[in-house]
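Asks: Handing you a structure now.
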Amino acid sequence: DTAHIPTDTSNATSDSVVTIPSTGASGIVFGDFHLSDKSFGSPYTGAVRALSPSSARAFLAKAQISGVRVVIAMATDRTINTNPNGSFSLIKWKQAVDRFKKAGIEPYIADGTILGHYLISGPECASCWGSQKISASVLEEMARYSKTIWPALATAVGAAPTRIPWPTLRASTGSWRSW
């Protein structure tokens with residue numbers, strides 16, 4: 001079974017649906033950022049959670065057993081992906097993501113426990129990133145890079161859709177979708 005998640009509904013087409021394997025869980029995913037695994041179960045069926053490579057499998061196994069679906073953040077800690085001046089470093093971000101290549105998360109992607117990769121939070125917040133917003137082209141590169149490692153894993157950015165330069169992204173590649 002698969003779950004179909006509609007993406008950009010303003011221009012809905014057949015290519016604006018992400019197909020994700022099903023864990024057997026059904027219904028709308030409901031949860032919170034940083035939801036503790038002790039809170040898995042009714043009413044919580046989902047979570048957005050920052051993980052480390054060493055804790056990923058244990059957390060994901062608990063999520064899988066509980067039927068909880070998660071969006072995981074692999075490199076959202078600003079202390080590991082910024083330059084000395086506080087600006088965002090794509091190189092450091094990629095290095096942080098690379099730590100998960102051998103973490104064994106693929107089975108959880110395949111069975112739908114992991115719904116997506118939360119790439120970054122607040123790219124439009126210049127004061128958060130050394131007075132420099134994270135550009136649309138950098139966001140696109142982050143999504144592309146994630147897809148080179150985990151092609152079936154959806155990607156997400158923590159920002160209001162109205163704050164991301166969507167027309168620029170669509171004009172460059174047409175590959176971004178909000179979900």
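Asks: Between GLU141 and TYR44, how many nm apart are label points set 7 Å from Cα along the C-beta direction?
Replies: 3.6
Asks: Now, a different point. Tell me, what ³J(HN,Hα) does each residue in the range 67-74 have, in order and in whole Hz, if you take phi through Karplus 6.51 cos²θ - 1.76 cosθ + 1.60 with θ = phi - 60° and put x for Gly and Pro?
Replies: x, 8, 10, 10, 10, 10, 9, 9
Asks: Additional query: Near the amide H of ALA73, under 5 Å away, which other amide H atoms are found, from residues 5 or more places off or on another chain, if H is placed in the peptide plane?
Replies: ARG49, ALA50, LEU51, TYR118
Asks: Let me ask you something else. Given a Förster radius of 35 Å and the C-beta distance between THR79 and ALA110 as r, what FRET efficiency does 1/(1 + (r/R0)^6) yield to the nearest 0.05?
Replies: Efficiency for this residue pair is about 0.65.
Asks: Give me, ordered by chain and number, the residues 5 or more places off SER121 or on other chains with an amide H under 5 Å from its own placed amide H.
Replies: Hits under the 5 Å cutoff: GLY158.
Asks: What is the extension gain from ALA152 to LYS101, computed as 0.36 nm multiplied by their sequence separation minus the C-alpha to C-alpha distance, in nm to one decimal?
Replies: 16.9 nm
Asks: Okay, next question. Could you list which residues have their amide H under 5 Å from that of ALA154, counting only those 5 or more apart in sequence or on another chain, with H placed in the peptide plane?
Replies: The answer is HIS117.
Asks: If I ignore ligands, DNA and RNA and count only protein heavy atoms, how much of ASP77 is accessible to a 1.4 Å probe, in Å² to the nearest 10?
Replies: Ignoring ligands and nucleic acids, ASP77 comes out at about 80 Å².
Asks: For the range 108-119, take each phi angle, set θ = phi - 60°, evaluate the Karplus expression 6.51 cos²θ - 1.76 cosθ + 1.60, and give the result in whole Hz per residue in order, putting x for glycine and proline.
Replies: For the range 108-119, the Karplus curve yields 7, 6, 4, 8, x, 4, 8, 8, x, 10, 7, 6 Hz.
Asks: If you don't mind, another one. Under a 1.4 angstrom probe, counting protein chains only, how are LYS133, LYS38, LYS92 ranked by accessible area, largest first?
Replies: LYS38, LYS133, LYS92
The values are calculated or read from the model by the stated rules, or taken from the named source; none is laboratory data. On a predicted model such as this, the values are computed, not experimentally measured, just so you know. For neighbour counting, all protein chains shown are included, and Cβ atoms are generated from backbone atoms with ideal geometry for every residue, glycine included. To get the accessible areas, we keep the full protein, side chains included, count just its heavy atoms, and leave off ligands, DNA and RNA. Shrake-Rupley method; radii C 1.70, N 1.55, O 1.52, S 1.80 Å.
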